[in-house]
Amino acid sequence: MASKQSLLLVLAAVAACLLLLPAASAATSVEYCNKGKKYPVKVRGVEIVPDPVQPGQPATFNITASTETTCPATGNFVLSHGQTLPGFTPPGSYTIIMKMLGDNNEELSCISFGFSIGFVASS
């Protein structure tokens, strides 16, 4: 079973890769990495605030999911991750690939979703 710490580490690692994954997908559409796999954690949606994300400003990624396992939770839960991208982050469309791993590195879920980074507002 995954601990909260291991899930947070996965989210932090994913957030560190934001600049490496440009793509042209919709802001909150979620796809499973392996469409035929029965993941124990079912992701229902992703909310990104603000949308589009602004360079140099805090952004929050809320992942709504459910599971039959006992960890990270039984039933419905929300994983939230906050991230402030550097002010020099280029505007455009990006994709995140997020894996939730258990204590023994078993894949509890794997999703990808797109989001946009807006232009920096001039002062």
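Mind listing the phi-derived Karplus ³J(HN,Hα) values for segment 31-45, rounded to whole Hz, using 6.51, -1.76 and 1.60 with θ = phi - 60°, and x for any glycine or proline?
10, 7, 4, 10, 4, x, 7, 8, 6, x, 9, 9, 8, 9, x
If I ignore ligands, DNA and RNA and count only protein heavy atoms, how much of Ile63 is accessible to a 1.4 Å probe, in Å² to the nearest 10?
Approximately 0 Å² for this residue.
Determine one quarter of the surface area of the Cα convex hull of segment 74-115, which equals its mean projected area, and express it in nm² to one decimal.
In nm², the orientation-averaged hull projection of segment 74-115 is 4.4.
Report the extension gain between Thr95 and Phe119 in nm, rounded to one decimal, defined as 0.36 nm multiplied by the number of residues separating them, less their alpha carbon distance.
On the way: separation 24, 0.36 × 24 = 8.64 nm, distance 1.73 nm.
Length gained between Thr95 and Phe119: 6.9 nm.
Amide H neighbours of Cys33 under 5 Å, counting only residues 5+ apart in sequence or on other chains, H built in-plane at 1.01 Å?
Long-range HN contacts for Cys33: Cys110, Ile111, Ser112.
Please turn the phi angles of segment 80-87 into ³J(HN,Hα) values with the Karplus equation 6.51 cos²θ - 1.76 cosθ + 1.60 (θ = phi - 60°), one per residue in order, whole Hz, x for glycine and proline.
Each residue of segment 80-87 in turn: 10, 9, x, 8, 10, 7, x, x Hz.
Which ³J(HN,Hα) values, rounded to whole Hz and listed in residue order, are derived for segment 100-109 from phi using the Karplus coefficients 6.51, -1.76 and 1.60 in 6.51 cos²θ - 1.76 cosθ + 1.60 with θ = phi - 60°, glycine and proline given as x?
Ordered by residue, 3J(HN,Hα) equals 9, 10, x, 4, 9, 6, 6, 7, 7, 6 Hz.
The values are calculated or read from the model by the stated rules, or taken from the named source; none is laboratory data. Please read all numbers here as calculations on a predicted model, not as lab measurements. Remember, those area values only see protein heavy atoms, side chains included, never the ligands or the DNA or RNA. Shrake-Rupley method; radii C 1.70, N 1.55, O 1.52, S 1.80 Å.
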